[in-house]
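Asks: This is the structure I have questions about; it appears just below.
Coordinate-derived values only; no laboratory data. These figures come from a predicted structure and were not determined experimentally. FYI the Cβ positions are ideal-geometry reconstructions off the backbone, even for glycines, and counts take in every protein chain you see.
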Amino acid sequence: MSQLALPLKLQDHAVFESFLPAGNEAIVAFLEDAVADRAGPGCWIAGARAAGKTHLLQAVCERAGDAAQFVPLAALADAGPAILDGLQARAFVCIDDVDRVAGDEAWEIALFALCNALADTGGILVCAAAAVPRECGFRLADLESRFSRLPAFQLRSLDEAERVAALRLRARHRGLELPAETAAYLLTHSRRDMASLYELLDRLDNAALKAQRRLTIPFAKEVLGIRTPG
């Protein structure tokens, strides 16, 4: 039985419907088809931090339900490779930040065993990392080779206009109306990576709910503590 006894809560926003493809249509279609057909070896998703890798992995798990397991190695690496035990019983195993354990012999052996077990059971493995397998620093050649057999996708980062669109899509998914001008304002007054922008949107959402206010620029200024000169 898998050592992942504790439930790993998925983010409520991390669904396919709230992901703005914007040049990443191929990977989204691939993953949706994989979940619908329950077939295929899976894939490897490479991309920069906050490019959307975790979102897509969790979207697979949300769509597949109890047949899937999300494994965030950035958070679980210190727990040891025994947490992978028994995961071959799942139809989908989605491993995030798999490069986090590259170079660790015990982890690499356990990952290779899981790959082989999933191949035997017909399970689907979806991995995400900062780079393609050959650039991740794996020392076990067989593991790198196994990972390299997976169809690989490079996530394209969003430009400024697309980040505004992504913020507004996330807001609509949460039942909020985020004006384009407010979204653009947030981009110029916060860190510009999507993870930080989504965290800011959560903060504004909670504040707007308490204050019964709309997400206007003046309200955003109040929440952010930005004073207007004059």
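Asks: If you take the Cα Rg of the range 1-117 and divide it by 2.2 N^0.38 Å, with N the number of residues, what do you get?
Replies: The value comes to 1.04.
Asks: Return a whole-number percent for the relative contact order of the range 15-90, with Cα pairs under 8 Å and 6 or more residues apart as the contact set.
Replies: Relative contact order comes out at 32 percent.
Asks: Please determine, in degrees from 0 to 90 and to the nearest 10, the orientation of helix 194-211 with respect to the longest principal axis defined by the Cα atoms of the chain, where the helix direction is its Cα long axis.
Replies: 50
Asks: Could you derive backbone 3J(HN,Hα) for the range 49-63 from the dihedral phi with the Karplus parameters 6.51, -1.76 and 1.60 (θ = phi - 60°), listing whole Hz in sequence and x where the residue is Gly or Pro?
Replies: 4, 6, 7, x, 4, 4, 4, 5, 4, 5, 5, 4, 5, 5, 6
Asks: Once you put a point 7 Å from the Cα of residue 78 and another 7 Å from the Cα of residue 221, both along the Cβ direction, what distance in nm separates them?
Replies: 4.3
Asks: Go ahead and run the numbers for FRET between residue 192 and residue 145, Cβ-Cβ distance against an R0 of 41 Å, rounding to 0.05.
Replies: 0.65
Asks: Show that you can apply the helix-only estimate: for the chain, add -39,500 (n - 2.57) for every DSSP H stretch of four or more residues, divide by all residues, and state [θ] at 222 nm to the nearest 500.
Replies: Taking each H run of at least 4 residues, the total per residue is -13500 deg cm²/dmol.
Asks: Given 54, 22, 178, which one lies farthest toward the positive end of the charge dipole of the chain, if we put +1 on the Cβ of every Lys and Arg and -1 on the Cβ of every Asp and Glu?
Replies: 178
Asks: Still on this structure, please answer the following. Tally Lys and Arg at +1 and Asp and Glu at -1 over the other residues with C-beta under 15 Å from the C-beta of residue 154: what net charge comes out?
Replies: Cβ neighbours under 15 Å give a net charge of +1.
Asks: Provide the per-residue ³J(HN,Hα) series for the range 19-31, in order, calculated from phi with Karplus coefficients 6.51, -1.76, 1.60 and θ = phi - 60°, each as a whole number of Hz, with x at glycine and proline positions.
Replies: For the range 19-31, the Karplus curve yields 9, 7, x, 6, x, 10, 4, 5, 5, 4, 4, 4, 5 Hz.
Asks: Still on this structure, I have one more. So what's the net charge close to residue 119: Lys and Arg +1, Asp and Glu -1, counting the other residues with Cβ under 11 Å from its Cβ?
Replies: Computed value for this residue: +1.
Asks: So if I average 1/r over every pair of distinct C-alpha atoms in the chain and take the inverse, what Kirkwood radius in Å does that give?
Replies: For the chain, the Kirkwood estimate is 18.9 Å.
Asks: Connecting C-alpha atoms closer than 10 Å in a GNM of the chain, tell me which of 193, 78, 96 has the biggest fluctuation.
Replies: With Cα springs under 10 Å in the chain, the top fluctuation among 193, 78, 96 is at 78.
Asks: Something else now. Once you list every other residue whose beta carbon is under 12 Å from the beta carbon of residue 102, what net charge do they have if Lys and Arg are +1 and Asp and Glu are -1?
Replies: -4
Asks: Need the full-extension length gain, residue 33 to residue 119, defined as separation in residues times 0.36 nm minus the C-alpha distance. One decimal, nm.
Replies: 29.1 nm
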